[in-house]
């Protein structure tokens, strides 16, 4: 008889636990990412720092990439009313231990290459070393719509004399 009551008690406890889990799961299921958003909140990407080296011929290049959100660069607002701070990237390059290149990049640097929509709704959100070729350093840069995979990619090309140029990155156009 005692075993019977123990089994019934255990069954009752298990039912209560499972009911509580269902309520919690129900609460989570009711959440929608499209609920009303506070329009005064500005989303910012985290600061980012990367330091690495590469070799071209007899030269060692050490580069540092720093990203930071900056409200003074303008606030981007999407169709849902979410607001995003634009970013700047600081690129510093040493060649064989001596200063070789230093520049702060913003979306404004790439305006001549951007469509009207990317000028208005895009933010500078990608900047990384890509490769070296013909004594030049290539950095992949992109301006993208916030929280989206739609982007406008570029190559920032640093020449052997420390000059820079911007080229459209069409490598993604070849992918199927």
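The values are calculated or read from the model by the stated rules, or taken from the named source; none is laboratory data. All of these numbers come straight from a predicted model, not from anything done at the bench. Note that we place each Cβ from the backbone using ideal geometry, even for glycine, and neighbour counts take in every protein chain shown.
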Residue under question is residue 35, and the condition is that it be at pLDDT below 90 and over 22 Å from the mean Cα position of the chain (by Cα); does it hold? yes
Can you name the strands (runs of 3 or more DSSP E) wholly within the stretch 70-176 that have at least 1 residues being crowded, with 16+ Cβ neighbours inside 10 Å and within 19 Å of the chain's Cα centre (by Cα)? 75-77, 83-85, 87-95, 98-105, 123-133, 136-144, 151-158
